[in-house]
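The numbers here are math on the coordinates, done by the rules we state, and not lab data. None of the values given here were measured: they were computed from a predicted structure. Cβ sites come from the backbone with ideal geometry, for glycine too, and all protein chains shown count toward neighbours.
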Amino acid sequence: MRTDARRHHDPQVRGFASDNYAGAHPEVLAALALANGGHQVAYGEDDYTGHLQRIMHSHFGSTAEAFPVFNGTGANVVALQALTDRWGAVICAESAHINVDEGGAPERMGGLKLLTVPTPDGKLTPELIDRQAYGWDDEHRAMPQVVSITQNTELGTVYTPDEIRAICDHAHERGMKVHLDGARIANAAASLDVPMRTFTNTVGVDVLSFGGTKNGALFGEAVVVLNPDVVRAMKHLRKLSMQLASKMRFVSVQLEALLAKDLWLRNARHANAMAQRLAEGVRAIDGVEILYPVQANAVFARLPHAVSERLQRRFRFYFWDEAAGDVRWMCAFDTGEDDVDAFLQALKEEMAR
């Protein structure tokens with residue numbers, strides 16, 4: 001069969017900008033090929049989406065129901081709409097992805113208000129939640145109805161199961177629900193060395209945004225309803241939010257490939273290990289400061305601005321706070337030891353200039 005497609009990049013080049021830069025895992029690509037061919041019912045009535053429900057039950061219990069979507073922002077917007085009224089608000093960390101990295105989609109597209117709280121490490125606590133958890137009967141204030149946490153956080157830190165249980169208990173006592181943005185949930189589970197249910201449905205999380213793209217999928221996430229008593233009309237919300245895939249089998253089979261066995265965990269453990277290798281090397285370089293505990297697949301550091309600019313010509317990565325000189329280095333499932341070592345050598349060279 002003739003094709004005019006050609007490769008436009010060097011597949012040996014890897015950077016530290018984002019785990020989204022990585023390609024799809026070969027086992028995921030093989031699963032996509034397996035699902036191809038022939039006809040399957042559209043819009044989620046296919047065999048692959050049906051089987052995905054059973055796999056989700058094995059990870060999150062028999063009441064869990066997965067609604068595959070295209071992307072993480074879509075998952076979060078659909079999930080938060082399902083948990084709020086038109087007058088509702090969501091309490092989240094100031095650094096949360098829904099607040100700083102989704103283009104205002106939860107507010108502009110979801111029609112809800114975000115009530116943010118500054119945190120030292122990206123993690124909410126019951127005490128921090130209470131800074132915004134008030135005024136339910138005040139018609140002049142958006143009503144706090146949901147607490148949204150991110151696991152692992154935007155700063156690479158990881159909640160313990162006990163910390164999430166305390167948040168869920170606190171929120172539920174005040175009549176609020178709990179959403180967990182799990183774009184990197186696999187990395188958190190690998191870091192904690194516990195099943196994902198241990199810090200989700202077991203401790204009281206109501207709805208989960210399950211991430212696949214950052215862990216080896218080509219595209220695709222899922223809204224996983226863990227507590228069916230707190231949501232309404234999920235399938236309708238998914239459709240009107242433009243997150244209903246017609247050929248949904250190709251989203252579902254990717255999540256199946258990750259979750260049916262242990263690919264999700266293997267990928268996450270490897271990415272986390274590469275971040276630890278990177279952090280250990282960075283700590284040995286004078287003049288570079290690691291800002292937060294390295295608990296998943298991210299390393300946040302502070303170094304001279306000019307060094308970062310020169311280093312960026314050799315490896316892709318982003319400033320986190322350019323004024324302060326803070327940067328973020330991300331590792332992915334395909335980051336190799338040689339990649340880390342080459343980056344560390346380049347960092348040493350630029351720091352010595």
Next item on the list: Considering Cα pairs under 8 angstrom that are at least six residues apart, work out the relative contact order of the chain and quote it in whole percent.
Entry: 23 percent
Notebook entry, point to check: Among rounded, prolate and oblate, which fits the stretch 173-271 when a ≥ b ≥ c are the square roots of the eigenvalues of its C-alpha gyration tensor, a/c under 1.5 means rounded, and a/b larger than b/c means prolate?
Noted result: oblate
Item checked: Euclidean distance between Cα centres, the stretch 220-294 to the stretch 101-115, Å -> 21 Å
Item checked: Label zone at Y43, where the point sits 7 Å out along the Cα-to-Cβ direction: the stretch 230-257 residues whose backbone N lies under 18 Å -> 233-252
Next item on the list: Determine the sum of side-chain charges near G74: Lys and Arg each +1, Asp and Glu each -1, restricted to other residues whose C-beta is under 13 angstrom from that of G74.
Entry: -1
Item checked: Nearby lysines by direct alpha-carbon distance to K247 (threshold 20 angstrom, same-chain neighbours under 8 apart not counted) -> K235, K239
Check: Taking a quarter of the surface of the Cα convex hull of the stretch 216-353, what do you get in nm²?
Finding: 11.5 nm²
Next item on the list: Per DSSP H run of n ≥ 4, the term is -39500 (n - 2.57); total these for the chain, divide by its residue number, and report the mean residue ellipticity at 222 nm rounded to 500 deg cm²/dmol.
Entry: -11000 deg cm²/dmol
Margin query: Need one number for the stretch 1-157: average projected area of the convex hull over its C-alpha atoms, nm².
Written below: 14.1 nm²
Next item on the list: Write out the GluC sites (Glu not before Pro) in the stretch 272-353 meeting two conditions: DSSP loop, and at most 13 other Cβ atoms within 10 Å of their Cβ.
Entry: E322
Notebook entry, point to check: Convex hull over the Cα atoms of the stretch 266-316, averaged projected area in nm²?
Noted result: 3.8 nm²
Margin query: Given an 8 Å cut-off on Cα distances and at least 6 residues of separation, report the relative contact order of the stretch 164-322 as a percent.
Written below: 19 percent
Note to self: Whole angstrom only: what separates the Cα centroid of the stretch 10-26 from the Cα centroid of the stretch 161-219?
What the structure shows: 26 Å
Note to self: Run through the stretch 79-183 and list the GluC sites (Glu not before Pro) located in a DSSP loop whose Cβ has at most 16 other Cβ atoms within 10 Å.
What the structure shows: E94, E139
Notebook entry, point to check: Quick one: what do you get for the stretch 242-298 if you divide its Cα Rg by 2.2 N^0.38 Å?
Noted result: 1.72
Notebook entry, point to check: Hey, what do the phi angles of the stretch 52-63 turn into as Karplus ³J(HN,Hα) couplings, whole Hz, using 6.51/-1.76/1.60 and θ = phi - 60°, x for Gly and Pro?
Noted result: 4, 4, 5, 5, 4, 4, 5, 9, 10, x, 6, 8
Notebook entry, point to check: Per residue and in cubic angstrom, what volume does the convex hull of the Cα atoms of the chain have?
Noted result: 146 Å³
Margin query: I need the chymotrypsin sites (Phe, Trp or Tyr not before Pro) found in the stretch 1-66, filtered to DSSP loop residues with at most 15 other beta carbons within 10 Å of theirs.
Written below: Y43
